[in-house]
Amino acid sequence: MISPRLPIDIVKVGIEFVVGDLALVINSEALQENSGVRSYIPPDPKDFNFYVDAAVRGNEAFIVVVVFDRDGGFVDALSAKAAIASVLEAECLALCHAFSLCVKWGCREANFFLDCLQLVAAINKSVIPVWQLSSHFLHLFNCLSFVAHDCVFWLPHSANSAHNVAAWAASHNVFRPLLEREVAPFVATIN
């Protein structure tokens with residue numbers, strides 16, 4: 001005879017399931033190994049170094065791209081606002097903006113840094129993890145054909161110059177080209 005499950009047993013199983021999933025997410029080193037993303041070792045700076053992030057508020061994303069030169073000097077920054085269906089879509093759009101800017105400038109030597117491990121793994125493996133985002137990923141892969149390969153890197157939030165700028169842009173509803181003096185307070189301690 002099967003014993004009836006008490007509500008506490010169901011909750012316990014649910015909590016164990018969620019905690020197990022959370023442990024997988026927290027252990028980013030294991031995720032990196034399984035996703036094919038190399039551990040964060042800063043690559044040598046290139047002519048242009050694009051830091052990319054998105055801050056999501058409801059169904060809107062504030063996308064930020066901050067660009068530095070080889071010596072760490074400020075080159076450009078922008079924020080944009082877009083309607084999105086997921087955080088991954090927001091991160092894709094942010095990287096699309098960075099790639100488009102790079103192609104517009106005719107850059108051949110550039111690095112792209114972002115803190116979305118899932119997106120970096122997908123780009124480096126040339127896979128589309130969510131079919132609903134196929135058009136975004138195809139655009140990213142197309143842009144990569146104009147930019148040097150192996151140029152997309154994962155880095156932690158704390159090292160991403162665009163992370164705090166995106167949060168600031170979202171909290172102040174800012175979506176436009178950004179001035180160096182606006183970006184400086186958020187990136188001065190990072191680079």
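The values are calculated or read from the model by the stated rules, or taken from the named source; none is laboratory data. Note that the structure is predicted; figures quoted are calculated from it, not measured. Cβ placement follows ideal geometry from the backbone for every residue including glycine, while neighbour counts extend to all protein chains displayed.
Quick check: anything in the stretch 102-118 out of contact with any Gly (no Cβ under 6 Å at 6 or more places or on another chain), of a type in the set (Gly, Ala, Ser) and in contact (Cβ under 8 Å) with a residue 60 or more places away in the chain? Among the residues of the stretch 102-118, at least one is out of contact with any Gly (no Cβ under 6 Å at 6 or more places or on another chain), of a type in the set (Gly, Ala, Ser) and in contact (Cβ under 8 Å) with a residue 60 or more places away in the chain, which makes the answer yes. For the stretch 146-168, filtering for residues that are without any contact (Cβ under 8 Å) to a residue 60 or more places away in the chain, surrounded by 13 or more Cβ atoms within 10 Å (Cβ to Cβ) and assigned to a helix (DSSP H, G or I) leaves 2. Do we find that ALA77 is part of a strand (DSSP E or B) and within 25 Å of PHE186 (Cβ to Cβ) in this structure? The answer is yes for ALA77.
Scanning the stretch 90-143 for residues that are in contact with a Cys (Cβ under 8 Å, 6 or more places away or on another chain), among the polar types (S, T, N, Q) and more than 18 Å from HIS163 (Cβ to Cβ) turns up just one, SER100. Residues in the stretch 169-186: is at least one at pLDDT 90 or above, part of a helix (DSSP H, G or I), β-branched (Val, Ile, Thr) and over 18 Å from TRP105 (Cα atoms)? No, the stretch 169-186 has no match at all. Among the residues examined, PHE99 qualifies as farther than 14 Å from ALA54 by Cα, among the aromatic types (Phe, Trp, Tyr) and touching a Leu at 6+ places or on another chain (Cβ under 7 Å). For the stretch 125-145, taking the residues that are small (Gly, Ala, Ser) and not in a loop (DSSP other than H, G, I, E, B), the one that is nearest to CYS107 (Cα to Cα) is identified as SER135. I'd like the residue in the stretch 102-124 that is at pLDDT below 90 and assigned to a helix (DSSP H, G or I) and, out of all such residues, is farthest from PHE62 (Cα to Cα). Going through the qualifying residues, I end up with ASN124.
When the stretch 144-166 is filtered for residues that are among the small types (Gly, Ala, Ser), modelled with pLDDT under 80 and either closer than 14 Å to PHE68 by Cβ or in contact with a strand residue (DSSP E or B) (Cβ under 8 Å, 6 or more places away or on another chain) (or both), only ALA148 remains.
Across the stretch 123-136, the qualifying residues are those that are out of contact with any helix residue (DSSP H, G or I) (no Cβ under 7 Å at 6 or more places or on another chain) and in contact (Cβ under 8 Å) with a residue 12 or more places away in the chain, and the one among them that is surrounded by the most Cβ atoms within 10 Å (Cβ to Cβ) is ASN124.
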